[in-house]
Amino acid sequence: MLNAEQIARFRTDGFLVVEDVFSPAEVAAYRAAAESGRIREINANRKHTEVHVHQLEVTCKDPLFRDLAADARLTDKLAPLIGEDLQVQHSKLATQPLKKDVGGFGWHQDFAFFPHTNTDLAAIFVYLDDTDTENGCMSMVRGSHKLGLLEHRVDGYFSGKCQEEQAWSDASKVVPVRVRAGGISIHHCLTLHGSGPNKSGLPRRGVVYQYRNADAYQLADHIWQDTGFQVRGRFSETVRCEAGRIYIAKRKAWDPPFGNLYLQIGEQAQRWNAERQGAGCRTPASEQVAAVTG
Ligand SMILES: O=C(O)CCC(=O)C(=O)O
């Protein structure tokens, strides 16, 4: 659980560090999982020793990471911050390359990648290595979660990076997030953050869970295999907009019970769109841009 001071700090700063959440033995087990089987194979294919890699859907690649997503030491800390009923929006293993002076991830707000009807989303980074500016820790802009959604588009397309440089130009507000292995950091979905290159070339691995209040309805981007994994509480059968609350109706005869509205495209329309692609028609499918997840 978090104490009142930690909760207040999260509300003011938009992020929080909690050390010593997991034991050295648990960290060793998570490291072994991160270096084994399919995870190692995919990382090797993506040249993770050379470039910064976010390997998604880690909950589906090792049961240890699925169980960790629902571990009460994480979800009980999140509940007072974003709500009692929690789902995973996505999971990943985030690794800096084992090479000096390369890697890093540009300044961004996570919410820009996957907007929802409300902003009760937060990410927990579980540290598998001691992390500081030498091996490319994240930095956060204190209080930036109160700035609203900043511009991440260039010429109308999502760029994956915040385009408003003034938002991180005040060095007194930029805080390097130094955490020891076994600790965690928590950041709000509107907190502006990024990481620099790995200056030391030493490992910097972390398991990241993006969580959401179960009443936040995703409006764009990708539904991953583990999106919607209910890790605490229940699905309330309501969708909350920041300005209010509305029902979404489920039906007994439907599977999934909330209907196919989620896709926003009917099955016939999908077929017609595919046919019209060839005729030079711009359809949602032809507009798809490879998603990079924050
Ligand atoms: O891996 C990193 O350094 C950045 C991770 C990040 O920004 C995120 O998960 O939103």
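Bear in mind these aren't lab numbers, they're just calculated from the coordinates by the rules spelled out. The structure presented is a predicted model; accordingly, all values stated were derived computationally and were not measured. Ideal geometry is used to build each Cβ from the backbone, glycine not excepted, and the neighbour counts take in all protein chains shown.
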Give the cross-link partners of residue 77 among the lysines, using a straight C-alpha distance below 28 Å as the criterion and excluding same-chain residues fewer than 8 apart.
-> 61, 92, 146, 173
Given the options 76, 170, 62, state which has the largest fluctuation in a GNM of the chain using a 10 Å cut-off (strictly under) for Cα springs.
-> 170
In 10 Å bins starting at 0, how do the alpha-carbon pair distances of region 53-148 split up by percent?
-> 12, 40, 40, 8, 0
Could you work out how far helix 267-277 tilts from the main Cα principal axis of the chain, as a 0 to 90 degree angle to the nearest 10?
-> 80
How far is it, in nm, from the label point at residue 154 to the one at residue 253 when both lie 7 Å from their Cα along the line to the Cβ?
-> 5.1
Mind giving me the nanometre distance, one decimal, between the label points for residue 9 and residue 166, set 7 Å out from Cα along Cα→Cβ?
-> 3.1
For labels at residue 277 and residue 71 in the simple 7 Å Cα→Cβ model, what's the distance in nm?
-> 4.1
In the neighbourhood of residue 87 defined by beta carbon distances under 14 Å, the net charge of the other residues (Lys, Arg +1; Asp, Glu -1) is -1
Given 0.36 nm per residue, what is the gain on full extension from residue 29 to residue 101 after removing their alpha carbon distance, in nm?
-> 23.1 nm
List the residues whose amide H sits under 5 Å from the amide H of residue 164, counting only those 5 or more places along or on another chain, with H placed 1.01 Å from N in the peptide plane.
-> 151
Grab the Cα-Cα distance for residue 38 and residue 199, subtract it from 0.36 nm times how many residues apart they are, and report the gain in nm with one decimal.
-> 55.2 nm
Volume per residue (Å³) of the convex hull spanned by the alpha carbons of region 95-226 is 121
Using the beta-carbon distance between residue 225 and residue 180 and R0 = 22 Å, what value does 1/(1 + (r/R0)^6) give for FRET efficiency, to the nearest 0.05?
-> 0.10
Kirkwood Rh over Cα pairs of the chain into Stokes-Einstein at 4 °C, 1.567 mPa s: D in µm²/s?
-> 64
